[in-house]
Amino acid sequence: MRKVLVLAVGVLALAGAGCNPTSPYAARVNGGTISQGDLNNELTAIRSDPAYLNQIQSQSQVIGAGQDSFDSSFVAQVLNRQIVFELVHQEAARRGIGVGSQDVRLARADVASALGGANVLNALPASYQATLIRHSAEVTALEARLAGVDVSPAAMAQYYATHQQSFVQQCVSHILLASQADAAALRAQIVAGASFADAARSQSQDQASAANGGNLGCQPTGRFVTGFEQAVDGLPTGQLSQPVQTQFGWHLIVVTSRQPLSLAQAQPQIRAALLANAQTALTTTLRRAESRASVTVNPRYGSFQIRGGQAGIAPPTAPPSSTLNFVPASGSVSPGAGSTP
């Protein structure tokens, strides 16, 4: 449901490039090596956390057809992002841009916000958390330098002081249905006295929230898909919405409460707002770096191609792209199992 569900959000699902030339490689980038162990560690981390895996799978095919396998197109996406973030690291190093403890602390809040909450981040393996946070910090530092944007604590405090009314956390519940007619009929039942939570448990097609009576938790503004977000923003607290359509279906929505965010809680949103116009400079720099980079991809995972100015990995056509056997790296966390949250 939330915008954070896409794997491509900013820093999600990025593994660090290693420097172990003796390990079988997944990709080589300007002399740096992303080992198969790096790639497998990330895939293990994704699979070890059912909540995180569920978020990603809602937008992309992750698991392959065979036992202990991943979809090869998904693996190519993950490896491609590893290549991009290795280029970010190299570009930051070339420009003398480092990250300090303050950058890491703020980046942790950014990553937690992007993933949908600290509970999702904390459920990931500690080493993978550190990787996500480090890459987030490097991206922000490079992006800010390229655009000449001040994202210091003082700059964020000043922005918060002048935009405080914009930083509100909204606690939301919903019921997802297949059609407008179904939503309208159920709305009539709830208005007549039926329990919203009971209706969500028995009829909502969003199984993750249905188990919690439709509760989606509390999120800052701007965290839901557009149509849903607009309905939430315009809905008085405690009032049941009319049926709302998104790409997922038809929703009945209730905002159960709203609370102002503190400066610390609002920092991810503030940094995003300050950097809102910085993406172009970062994209231009990375495309230039990709076009000039020497990139070699292990044929097992596909081939690195540049077409129409866009660089990326084309997954292999043989073996079939539906599966790619997965062998955990030594010392990695075993994939877990469990229901979606």
Checklist entry - Using a simple spin-label model with points 7 Å from Cα along the Cα→Cβ vector, what separation in nm is obtained for R258 and Q230? => result 1.8 nm
Checklist outcome for this item: With +1 on the Cβ of every Lys and Arg and -1 on the Cβ of every Asp and Glu, the dipole magnitude of the chain about its Cα centre, in debye rounded to the nearest 20, is 520 debye
Item to check | Rounded to whole Å, sorted largest first: equivalent-ellipsoid semi-axes of region 20-95, Cα gyration tensor | outcome: 25, 15, 10
Checklist entry - Which of V191, V88, V225 comes first, and how do the rest follow, when ranked by fewest Cβ neighbours within 10 Å? => result V191, V225, V88
Checklist entry - Using helices alone, what [θ] at 222 nm do you get for the chain, with -39,500 (n - 2.57) per DSSP H run of 4 or more residues, divided over all residues and rounded to the nearest 500? => result -14000 deg cm²/dmol
Checklist entry - Scaled to the compact-protein estimate 2.2 N^0.38 Å, what is the alpha-carbon radius of gyration of region 143-236, rounded to two decimal places? => result 1.51
Checklist entry - Tell me, what is the FRET efficiency for R94 and A161 to the nearest 0.05, using R0 = 30 angstrom and their Cβ-Cβ distance as r? => result 0.25
Checklist entry - Which ³J(HN,Hα) values, rounded to whole Hz and listed in residue order, are derived for region 221-234 from phi using the Karplus coefficients 6.51, -1.76 and 1.60 in 6.51 cos²θ - 1.76 cosθ + 1.60 with θ = phi - 60°, glycine and proline given as x? => result 4, x, 9, 9, 4, 3, x, 5, 4, 4, 5, 4, 4, x
Item to check | Base-10 log of normalised Debye intensity for region 245-290 (one unit scatterer per alpha-carbon) at q = 0.25, 0.26 Å⁻¹ | outcome: -0.87, -0.89
Item to check | From phi via Karplus (6.51, -1.76, 1.60), per-residue ³J(HN,Hα) for region 120-125 in Hz, x at Gly/Pro | outcome: 5, 4, 5, 7, 7, x
Checklist entry - How do V111, V62 rank when sorted from fewest to most other Cβ atoms within 10 Å of their own Cβ? => result V62, V111
Checklist entry - Candidates [x] 15.3; [y] 18.4; [z] 19.5; which is the computed mean projected area of the Cα convex hull in nm²? => result [y]
Item to check | Inter-site label distance for S291 and S60 at 7 Å from Cα along Cβ, in nm | outcome: 2.5 nm
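Values quoted throughout were computed directly from the atomic coordinates according to the rules given, and no laboratory measurement underlies them. Every value quoted in this text rests on a predicted model; they were computed, and no experiment measured them. Virtual Cβ from ideal backbone geometry, glycine too; neighbours counted across all protein chains shown.
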